[in-house]
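Single-structure report; data block below.
The values are calculated or read from the model by the stated rules, or taken from the named source; none is laboratory data. It should be emphasised that the depicted structure is a prediction, and the values quoted were computed from it without experimental measurement. Here the Cβ is made from the backbone with ideal geometry for all residues, glycine too, and neighbour counts use every protein chain on show.
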Amino acid sequence: MKKRLVSLVFGVTLLAVLAFAATALAQQPMAMSSQQQAILAETSTLTPQRTAAAGFTDLPLRNCEGLYCGVLAKLPIGTQVGILVNDLEGWALVHVPSINMYGWVNTNNIF
């Protein structure tokens, strides 16, 4: 009986510690990767000029301007993006609030 009580107390304590740790982690802002910091350095403002939405499923969020650039994420259709920079040559630097990422998208594929 004593062994079961000790196990029960240990289990409840462990659950409480895990719940506390999960809450603490959820409240801390996620650290931005060096790649995201470099992309963000390309903009002069964090205030979007306007907003847009992904025009098709799996719209690539890229790490630079061009089809040869790496894909950071694939955005579902309708994903809201804030346009920070429009290079007027077919690419826009955007912030994707739903995943808190920055990257480039082709302006032909957002509306």
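Are any residues in the range 34-79 on the phi < 0 side of the Ramachandran plot and small (Gly, Ala, Ser), and if so, which ones?
Selection gives Ser34, Ala38, Ala41, Ser44, Ala52, Ala53, Ala54, Gly55, Gly70, Ala73.
Which residue is modelled with the lowest pLDDT, if the candidates are limited to the range 34-57 and must be surrounded by 12 or more Cβ atoms within 10 Å (Cβ to Cβ) and of a type in the set (Gly, Ala, Ser)?
Ala38
Which one is nearest to the chain's Cα centre (by Cα), of the residues in the range 80-111 that are polar (S, T, N, Q) and within 19 Å of Leu46 (Cβ to Cβ)?
Asn100
Which one of these is within 18 Å of the chain's Cα centre (by Cα) and surrounded by fewer than 15 Cβ atoms within 10 Å (Cβ to Cβ): Pro76, Pro60?
Pro76
Would you confirm, using the coordinates I've provided, whether Gly103 is touching a His at 6+ places or on another chain (Cβ under 7 Å), in a strand (DSSP E or B), small (Gly, Ala, Ser) and in contact (Cβ under 8 Å) with a residue 12 or more places away in the chain?
no
Mind checking which pairs have a first residue in the range 56-72 that is within 16 Å of Ile39 (Cα to Cα) and a second that is hydrophobic (A, V, I, L, M, F, W, C) and part of a loop (DSSP other than H, G, I, E, B), Cβ under 9 Å, 6 or more apart or different chains?
Every condition considered, the pairs that remain are Pro60/Leu67; Pro60/Cys69; Leu61/Ile99; Arg62/Cys69; Asn63/Cys69; Gly70/Cys64.
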